[in-house]
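The values are calculated or read from the model by the stated rules, or taken from the named source; none is laboratory data. Fair warning: this is a prediction, and the values are worked out from it, not measured in the lab. Glycine also receives a Cβ, built like all others from the backbone with ideal geometry; neighbour counts cover every protein chain displayed. For the accessible areas, the whole protein counts, side chains as well, though only heavy atoms, and no ligand, DNA or RNA atoms are used. Shrake-Rupley method; radii C 1.70, N 1.55, O 1.52, S 1.80 Å.
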Amino acid sequence: MSDAALTAGRAKGRSLADLLIEAGLTREKIEDCRRVSAATGDSMDKVLLAKGLLDEPAVLRVYAKHLGYEFRASLDGIAVPQSFVAKVPVQFARNYNLVAVAETDGVVQVATCAPLEAHPMDDLAAMMGCEVDPVLAPRLEITTLLGRAYRHKADGVDEALADVAEDGNIAGLADQIDEGEDVLDVANKAPIIKLVNTILFQALKMRASDVHFHPYPDRMQVRFRIDGILYDMDPIPRKALDAIISRVKVMGKMDIAERRLPQDGRATIKIGDGEVDVRISSVPTSQGERIVMRLLDKTTKVFHLDEIGLAPRNLEMMREYSNYSHGIILVTGPTGSGKTTTLYAAMAEVDTTEKNVLTIEDPVEYSLPGVSQVQVNAKKGLTFAAGLRSFLRQDPDVMMVGEIRDLETAEVAIRAALTGHLVFSTVHTNDAPSTIQRMVDQGVEPYLVSSSLVLVIAQRLVRTICKHCHAYGPITPEEEAKLRKVGIDPAQLGGRVARGKGCDECFQSGYAGRTAIYEFMPVDENLRTQIMNGATASQMKRSAVERGMITLREDGRLKIVAGQTTADEVLRVTQLDLD
């Protein structure tokens, strides 16, 4: 981008100070930011973000007006021009957060979140061999689009494997480690380090939540869990097994000499300027040690309530109960059913300027602005119950406890709810009525459960049909049987059902992304009476359905009829929900 273009852009825009005042800042704060900028050398936009005076979209909107650029709040659904993917290395695009969003008449529109950094744009123009036109977009939108754009580009796993094969001393350099290592930085690395970093980068590009290193007699099989399903990736020669395990253990600060006992470790890796938390678990098997790495990308956005698949009625109920002044809201479901995402979405609705909000989690998954988040540390005595007890002395309005897994935590949560606090938490049960039964079974008195609980939500995750190969077709006899099993008459669908044909974007599976199906059970007077009278979970459920509760399977049916998912998916996650 030339200086002339930058000057022209400024000429079209308005004064930066005027625009910042319009956005809600005072002249004193603007002058303070200018002094910090002059003293540190950081650009004004970075200072504004570091001080938290404006969020990133607001800062980018101001600079878009000031410089005469276009601002795009979302890059969803954009296809990145192939010329960009072919000519621009992924490391460069990730490091500078640049991605092409359109190409017309030899000019490439490139999204950036750093409006004042001209040099990367100039370098990009040289790589592309054409003129580039900047548009501004949030960093998260850019990194998400980059992940999709480069998903199918060769990742260098084959090259890294070839380097491992040539290296005579496979395990020799496995114990090198850098704090917060950048997995994009593979230059001049030992072959085994390069291989592990490349596999992790490939996993993050493909939106994997877990990476499995599974030993077999003749190979080590790498597997990625994507949208809840495991996919086999490139196998690795058996001779590299010990070196890879040693390397991963070093990353997690585990004992590489101990191979007979299970171990747990943690690491933080970087992708450009983003960070990913990694939970590492190793167990000894008859074929050798097996490693599973859980990836938690901190740059992933916190979803809002209207983005997580709530039906209009459930969305209205969630917003209503999230504004209660006291009581317990419980979200239930198996591991990996999206409970934490739902809780974060609810917490994001709470006005943190008026309310004091605290959370205790294991681990702290995403950063919530204005919320004080505490990490469980059982070794130091900081358990869920201990943290919640200390929160009561912090003058809280809203609290979130990661999980109620014992009587002590349940009792503290109930005491908090009964003394005028709103408490969010999770429990592991199959459906909403079973949650009440579980609390009573843990030893909580029924009268305490009935007086403190205000809402119970059960949920599951179902894969959604891929947008790129979504199509309607005639219902096959097999599909008709499955539709009837979930309670749908094929006539309702007009004889046609939505499905994914399978394409490169969805790894030929027909599914891409996930949404949740929900069961909302408010604790009303009828339910309170049943709890006090010791009703069973099935009795509570039958009564709630009669009063209009939408069960998990019913919510799944609505999403099948809407063409979002399939009967296969709903049956897979609601096997025990036989309404």
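Each row is one residue, and each column tells you yes or no for (1) among the acidic types (Asp, Glu); (2) part of a loop (DSSP other than H, G, I, E, B); (3) within 23 Å of the chain's Cα centre (by Cα); (4) within 20 Å of residue 139 (Cβ to Cβ).
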position	(1), (2), (3), (4)
35	no, no, no, no
42	yes, yes, no, yes
57	no, no, yes, yes
62	no, no, no, yes
66	no, no, no, yes
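Just one of the listed residues (545, 570) is of a type in the set (A, V, I, L, M, F, W, C) and within 23 Å of residue 474 (Cα to Cα), namely 570. Working only within region 501-536, note down all residues that are on the phi > 0 side of the Ramachandran plot and basic (Lys, Arg). Once the filter is applied, which keeps residues that are on the phi > 0 side of the Ramachandran plot and basic (Lys, Arg), region 501-536 yields nothing. Look at region 120-148: where a residue is at negative phi and open to solvent by less than 10 Å² (accessible area, probe 1.4 Å) and a partner is part of a helix (DSSP H, G or I) and β-branched (Val, Ile, Thr), sitting 6+ places away or on another chain with Cβ atoms under 9 Å, you get 146/90. Could you list, in sequence order, the residues of region 331-353 that are touching an Asp or Glu at 6+ places or on another chain (Cβ under 8 Å) and not β-branched (Val, Ile, Thr)? The answer is 344, 345.
Please work out if residue 289 is in a strand (DSSP E or B), open to solvent by 60 Å² or more (accessible area, probe 1.4 Å) and among the charged types (D, E, K, R). No, not satisfied. Just wondering, is there one or more residues in region 302-324 that are in contact (Cβ under 8 Å) with a residue 40 or more places away in the chain, open to solvent by 30 Å² or more (accessible area, probe 1.4 Å) and of a type in the set (D, E, K, R)? Within region 302-324, one or more residues are in contact (Cβ under 8 Å) with a residue 40 or more places away in the chain, open to solvent by 30 Å² or more (accessible area, probe 1.4 Å) and of a type in the set (D, E, K, R).
Being open to solvent by 60 Å² or more (accessible area, probe 1.4 Å), within 14 Å of residue 518 (Cβ to Cβ) and modelled with pLDDT of 90 or more is the filter here; which residues of region 563-579 pass it?
Once the filter is applied, which keeps residues that are open to solvent by 60 Å² or more (accessible area, probe 1.4 Å), within 14 Å of residue 518 (Cβ to Cβ) and modelled with pLDDT of 90 or more, region 563-579 yields only 564.
Report whether or not residue 412 is modelled with pLDDT of 90 or more and within 24 Å of the chain's Cα centre (by Cα). Talk me through it step by step, then tell me what you get.
Numbers: modelled with pLDDT of 90 or more: yes; within 24 Å of the chain's Cα centre (by Cα): no.
Answer is no for this residue.
Among the residues of region 68-86, those that are part of a helix (DSSP H, G or I) and exposed (fewer than 15 other Cβ atoms within 10 Å of the Cβ) comprise 82, 83, 86.
Would you say residue 14 is open to solvent by 50 Å² or more (accessible area, probe 1.4 Å), in a loop (DSSP other than H, G, I, E, B) and modelled with pLDDT under 85?
Values: open to solvent by 50 Å² or more (accessible area, probe 1.4 Å): yes; in a loop (DSSP other than H, G, I, E, B): yes; modelled with pLDDT under 85: yes.
Spelling it out, residue 14 is indeed open to solvent by 50 Å² or more (accessible area, probe 1.4 Å), in a loop (DSSP other than H, G, I, E, B) and modelled with pLDDT under 85.
Within region 74-85, residues that are at negative phi have Cβ atoms under 7 Å from residues that are of a type in the set (Phe, Trp, Tyr) in these pairs: 85/150, counting only partners at least 6 apart in sequence or on another chain. Considering 246, 209, 282, the condition of being open to solvent by less than 60 Å² (accessible area, probe 1.4 Å) and outside any strand (DSSP E or B) is satisfied by 246 alone. Sub-7 Å Cβ pairs linking a first residue in region 251-265 that is open to solvent by 90 Å² or more (accessible area, probe 1.4 Å) to a second residue that is of a type in the set (Asp, Glu), at least 6 apart or interchain, are 259/289, ordered by first then second residue. Here residue 367 meets the list (1) more than 21 Å from residue 298 (Cα to Cα); (2) among the polar types (S, T, N, Q); (3) within 20 Å of the chain's Cα centre (by Cα) almost entirely, failing just condition (1). Taking the criterion of being more than 24 Å from residue 111 (Cα to Cα), part of a helix (DSSP H, G or I) and open to solvent by less than 30 Å² (accessible area, probe 1.4 Å), the residues of region 18-33 that qualify are 30, 33. Residues in region 540-579 that are in a helix (DSSP H, G or I) and touching a residue at least 12 places away in the same chain (Cβ under 8 Å): 22 in all. Of the residues 480, 519, the single one that is without any contact (Cβ under 8 Å) to a residue 12 or more places away in the chain and either part of a strand (DSSP E or B) or charged (D, E, K, R) (or both) is 480.
Every residue in region 462-520 that is open to solvent by less than 20 Å² (accessible area, probe 1.4 Å), within 26 Å of the chain's Cα centre (by Cα) and closer than 30 Å to residue 436 by Cβ, please. Within region 462-520, 462, 515, 516, 517, 518, 519, 520 meet the criteria. Taking first residues from region 207-225 that are more than 16 Å from residue 285 (Cβ to Cβ) and hydroxyl-bearing (Ser, Thr, Tyr) and partners that are at pLDDT below 95 and buried (at least 18 other Cβ atoms within 10 Å of the Cβ), the Cβ contacts under 6 Å between residues at least 6 apart in sequence or on separate chains come to 209/225. As a summary of the residue check, residue 273 satisfies the conditions (1) farther than 16 Å from residue 203 by Cβ; (2) of a type outside the set (Gly, Ala, Ser); (3) at pLDDT 90 or above except for the one numbered (3). Residues in region 406-418 that are closer than 12 Å to residue 389 by Cβ and not basic (Lys, Arg): 408, 409, 411, 412, 413, 416.
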